[in-house]
Amino acid sequence: MSDAAAHEFQFSSAAHQRETAISGIWLFLATEALFFGPIFLAWIYARLADPSAFDAGGRQTELAIGVTNTALLIASSFAYGVGLACIEFGSRRGMVLWLLIAWALGAAFIGLKFGVEWRMDLEKGLFPGATFSVHGPSRSGAQLFFAFYFFSTALHGLHLLVGLALLAWIIAKARQFTSERHSPVRAVGLYWSFIDIIWLILFPLIYLIGRAS
Amino acid sequence: MTHSAAHVSYLEDGHTLRSWLLTTDHKRIAILYLVAITFFFFAGGVAAFLMRYNLISSHGLLGSAETYNRLFSMHGILMVWVFLVPAVPVTLGNFLTPLMLGARDLAFPPLNLLSWYLFIVAGFVALYAVVAGGVDTGWTFYTPLTSLYSKGHVVAAFIAIFIAGFSSIATGLNFIVTIHKLRAPGMGWYKMPVFLWSLYATSVILVLATPVLAMTLLLVAFERIFGIGVFDPAIGGDPLLFQHLFWFYSHPAVYVMILPGFGVISEIVPAFSRKELFGYKFIVWASIAIAVIGFLVWGHHMFVAGTSLFSAIVFSLLSYMVAVPSAIKVFNWIGTMHKGYIHFDSPMLYAIGFIGLFTTGGLTGLFVAALAADVHLTQTYFVVAHFHYVMVGGMVSAYFAGLHFWWPKITGRLYPEMWGRAGAITIFVGFNLTFFPQFVLGYLGMPRRYFAYPQQFEALNLLSSAGAVVLAIGYLLPLGYLTWSLLYGDRASANPWGATGLEWSTPSPPPTENFAVTPIVTQAPYQYEQPEAVIHE
Ligand code: HEM
Ligand SMILES: [Cu+2]
């Protein structure tokens, strides 16, 4: 049975099965891209109605935390990439080590984003609604900005949490992977980098555009 | 799962409830879907029936606009998301894709099962939204009604659609990957049956358009829950943006509803004309063209919503373009039938009905895609008739055509042919009686979505409601005799219609692993014998 267990019966070989899984992930990421797409589109479009008010909202954000978080995520993807290279060269221990680093960096992002930054935002009264703290002519536009801000960062954070769970799962299963068979490591890696890319679009939308004008 | 007992029919491979509810066999999952879809179809049908009952009198027999609003919303939501969008892909598509490819299963069988569970959850959340008091926004959920004012269970309906969407995405993803990766040796792209090309085009739309709807609904839900959001004009948001995003999904989604039907018809017409499919490559590329152009026409739903004249003209032109590939297909089916040796069995009766009704629906689509005409016709019963001709006359007929055609393969039983024909004809007559008067009503100016109407429209409405009774009988007939055939129908041979296609080369019902030996494909599809040869048979 060991041979049959190596691949499911609809595939002709284990390699065939691995390739197919990777195609599936790519397609899933295409879906995800179109899932986030409407936010980006709506964001840019909404700003056009009253750019200066919208930007006034953007300037309330915490640039230092945003930059730090961006660095954390990029470093995390880098660490994951090194981990993947390790398993390709047969070093399971190297993979686990680098994936732990990737996991820690991702967790640091979550902590900074929601534990520190969101709390500061909420304390400053930036959640849209009656208690919103920006007054004057920019009030509406700034609220609109923060509606986008909270919505999209929450959604991105949720994706990141799923990513952390997947990473933990890969680390827990590390013993199963070899230099030949590690398609789950590759698949999760694609997803992990994808969340990064989403952030790289959110970052300028949140922190830079408002300050640039 | 062990498959040690060689070549057991998939129906015999386990009899416990558990063997069904935890199956990953694409054929069993198709059956699970078939049961669920049938249930939701009749649930949506009950709502439609009550609407037609209300409209018998110009005062509205139900006596309440509130009730009527909830009925048409429930009807639309159930029919679109838990019947029409999934119908053919999840039942026939699930059953046939691996069989037609010469494969043993889809690429990701557990994902397939998961998508069924998501679907069931979605369906029941939708039913919950109805039972808890309903939704009064229509299936289109326009803001700011949905985001700020409606008192119905909008968020529950959204959750249902959101989950159903992920079920669709899972199915689409599975099909695309399967078609790329699991074709039998020799099965080149142009050797694939058109049904699979149609499913492929459908799946592309499912995977790329559904997430846009999912996000749009999330944004509205956010606005509804927090009272502040991106579609709120009070803070500079734009409710029209909702319409853009909604139709960016929903126009392609109408092609999700029709493309699989095109696929079914393209299998049936050659089989019952005993001729090769005319213009195979044209049909194939027409499907792909529809999937692509279908993404570029959403603005034709917004001609009177205050978009600019320029954008309206562009969208009008593009809408005309999307009709071209559909027309190509119609010509190809007729070209296939031309000088064919036509058998009028039930699948073919449905298919011929489909061609006529779809053409009527498609052509009236051009009426409403014409700017000047649409200003008059939009929001009237003309639009209602247009889309029911394509979705019900077209798609539901195609679904029934396919169900009858592959019924012997799926169940291993033959259904009673005379009953089948009676059903097909009853549905055709009932359908036209119900919906043709609505073209006239709309042309005369009767608006849609009102529970009462001016008295002058009463006669035509009565006719339409009478037609609905005939149509309902037509739909109940197959429910009766198909169920009957499960127990008492004659046993089917492997290929009762003498059709081409790998699915007919394996026993009816197929064994769990589909093919004892993986087939090797050498021929193009639809190599039917010449009519002369058949006549002398
Ligand atoms: C042949 C090409 C088609 C064209 C040019 C076309 C054009 C149109 C246009 C312009 C409208 C908007 C009318 C209005 O609201 O004033 C419309 C509505 C609609 N069409 Fe089509 N259509 C086509 C095919 C289809 C197909 C194949 C389906 C479904 C299977 C479909 C389903 C619908 C639906 C559901 C609506 C109404 C949406 C609503 O407001 O509730 N159409 N069509
Ligand atoms: Cu449309």
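Computed 3J(HN,Hα) for segment B:218-227, one whole-Hz value per residue from the Karplus formula 6.51 cos²θ - 1.76 cosθ + 1.60 where θ = phi - 60°, is 4, 4, 5, 4, 4, 5, 5, 6, 9, x, glycine and proline marked x.
Taking each residue of B:232-244 in turn, how many C-beta atoms of other protein chains fall within 10 Å of its C-beta, and what is the average?
On the way: counts 5, 2, 3, 14, 13, 9, 5, 0, 0, 5, 1, 0, 4.
Across B:232-244, the average partner-chain Cβ count within 10 Å equals 5.
The mean count of C-beta atoms from other chains within 10 Å of the C-beta of residues in A:11-24, rounded to a whole number, is 3.
Here's the picture: charge each Lys and Arg Cβ at +1 and each Asp and Glu Cβ at -1 in chain B, and of B:Gly76, B:Leu199, B:Gly152 the one pushed furthest to the positive end of that dipole is B:Leu199.
Quantify how strongly other chains surround peptide B:206-219 by giving the mean number of their Cβ atoms within 10 Å of each of its Cβ atoms. What the average comes to for B:206-219 is 5.
Quick check on the exposure proxy: order B:Lys191, A:Lys124, B:Lys281 from fewest to most C-beta atoms within 10 angstrom. Don't skip to the answer; put the middle values down first.
Details: B:Lys191 15, A:Lys124 12, B:Lys281 9.
Fewest-to-most Cβ neighbours within 10 Å comes out as B:Lys281, A:Lys124, B:Lys191.
A straight Cα-to-Cα reach below 21 Å connects B:Lys27 with the lysines B:Lys181, B:Lys409, residues fewer than 8 places away in its own chain not being considered. Using θ = phi - 60° in the Karplus curve 6.51 cos²θ - 1.76 cosθ + 1.60, the 3J(HN,Hα) couplings for segment B:177-189 round to 5, 4, 5, 5, 9, 10, 6, 5, x, x, 7, x, 4 Hz; x is entered for Gly and Pro. Amide hydrogen proximity for B:Thr380: with H placed 1.01 Å from N in the peptide plane, the residues at 5 or more positions away or on another chain lying under 5 Å are B:Arg448. The separation of segment B:74-135 from segment B:325-370, counted between C-alpha centres, amounts to 27 Å. Once the chain from B:His343 to B:Gln455 is taken as fully extended at 0.36 nm per residue, the excess over their C-alpha distance is 35.7 nm.
Would you mind classifying the protein assembly as shown by shape? Square roots of the alpha carbon gyration tensor eigenvalues, ordered a ≥ b ≥ c; an a/c under 1.5 is rounded, otherwise it is prolate if a/b is larger than b/c and oblate if not. Provide the component values of the computation, followed by the final result.
Values: a/c = 2.03, a/b = 1.18, b/c = 1.72.
Note, shape of the protein assembly as shown comes out oblate.
Spatially, segment B:27-46 and segment B:208-228 are offset by 27 Å when compared through their Cα centroids. For segment B:36-50, backbone phi angles converted through the Karplus equation (6.51, -1.76, 1.60; θ = phi - 60°) give residue-by-residue couplings of 5, 4, 4, 4, 5, 4, 6, 4, x, x, 4, 4, 4, 5, 5 Hz, Gly and Pro being listed as x.
All of the numbers you see were taken from the coordinates with simple rules; none came from a lab. What you see is a predicted model, and the numbers here were worked out from it, not measured in a lab. Quick reminder, even Gly has a Cβ in these numbers, built from the backbone with ideal geometry, and neighbours come from all protein chains shown.
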